[in-house]
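I have placed the structure first, in the form of structure tokens, so that the comments after it can refer back to it.
Read-outs throughout are calculated quantities, based only on the coordinates presented, and are distinct from any laboratory measurement. All values derive from a computational prediction rather than experimental measurement. Cβ sites come from the backbone with ideal geometry, for glycine too, and all protein chains shown count toward neighbours.
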Amino acid sequence: MQIAILGNADSWYTNDLVRAADGRHEILPIDYQQLASTVGGDTKVHTAWVNLNELDAVLVRSMPPGSLEQIIFRMDALANLAMASVNVVNPPRSIEVAVDKYLATTRLAAAGLLVPKTITCQTLEQAMLAFEELGGDVVLKPLFGSEGRGIVRLSDEAIALRTFKALAAIGSVFYLQEFLEHEGCDLRLLVIGEDVLGMKRCNKLDWRTNISRGATGESLAVTSELAGIALQSAAAIGAPLAGVDLLPTRDGRLIAIEVNAVPGWRALSEVTGVDVALRVLRYLETHGPQ
């Protein structure tokens, strides 16, 4: 197979996929800025050296920042590849849903999953009312972002007001969730088609449990209940390859926090001993366009 990897050619994940391919597949790293499209006659998405319409699969391994025009074009290009029956993983619409925390949370809730009580609003007055309604202890998140960047906990009214004023001045949307009491650990479940792997992530120094924030990974037995929630969460956003974050609360609930449509697996591979890159390639081998 010829498989394009949309992401950094020097990243650990690209190198891991090349290793797992072991010469059986041709891995073609492609930077988003290399993408172009020709419409009319032989309509195609391409770079200067490869026609992506002729490839067996396109694996999305990053979604870098860019101007609004760049981001829209990149997503349109992926959508056109999918419409041309190229196997794009994840499908572009699932990526659009997952990167938008508000939209992803609404999809999870509509699918019947437990989510934190969430209020999304646009004015300073609404944000202060939301702060009060959510119990005066909230998690403020950027609408777009990952790995815990830009996430803050606010439990002081004066600090919340100053924070909201600063964000209102730059036209931010306020995405606020109730703070859920937990034991400093969450569960990261990786969905690859119908396969589910998992680990527990614990952080003794920070309430955020991202590995990038200093959390450590521990082994986790993936029960049928956990697998079912993970598969339901991934299906809610339409992603066959997904990282699902679940938070066990002190009152015994399992809360769906987030679904990542460009999930990492480095720490999970180390904890579980599973060759995740090989499983991703096997999924691409056996599953066609969504």
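Remarks
- The residues ASP76, ASP16, ASP22, when put in order of fewest to most other Cβ atoms within 10 Å, stand as ASP22, ASP76, ASP16.
- Note on ARG253, ARG74, ARG188: ascending count of other Cβ atoms within 10 Å places them as ARG253, ARG74, ARG188, the fewest first.
- Tilt relative to the chain, helix 157-169 - C-alpha long axis, 0 to 90 degrees, to 10: 40 degrees
- The count of lysine pairs in the chain that are at least 8 places apart or cross chains, and whose C-alpha atoms lie under 19 Å apart, stands at 4.
- Ranked by how many other beta carbons lie within 10 Å on average, peptides 39-50, 113-124 from highest: 113-124, 39-50
- Classification of segment 118-178 by its C-alpha gyration tensor yields a rounded form. The axis ratio a/c (a ≥ b ≥ c) stays under 1.5.
- Cα gyration tensor shape of segment 2-89, rounded if a/c is under 1.5, else prolate or oblate by comparing a/b with b/c: oblate
- Orphan Cys of the chain, criterion: no other Cys C-beta under 4.7 Å: CYS121
- Label of the coordinate-derived value, Cα extents along the principal axes in Å, listed as [x] 80, 41, 33; [y] 58, 44, 33; [z] 43, 37, 36: [y]
- The residues neighbouring GLU157, those whose beta-carbon lies less than 11 Å from its own, together hold a net charge of -2 under the Lys/Arg +1, Asp/Glu -1 convention.
- Derived scalar couplings between HN and Hα for segment 256-271 equal 7, 8, 6, 10, 9, 8, 10, x, x, 9, 4, 5, 5, 4, 5, 6 Hz in order, rounded to whole Hz, by the Karplus curve 6.51 cos²θ - 1.76 cosθ + 1.60 (θ = phi - 60°), x for Gly and Pro.
- Projected label distance in nm at SER85 and ILE159, using a 7 Å step from Cα toward the beta-carbon: 5.7 nm
- The dipole here belongs to segment 1-102: it is taken about the Cα centre, uses +1 on the Cβ of Lys and Arg and -1 on the Cβ of Asp and Glu, and is about 160 debye.
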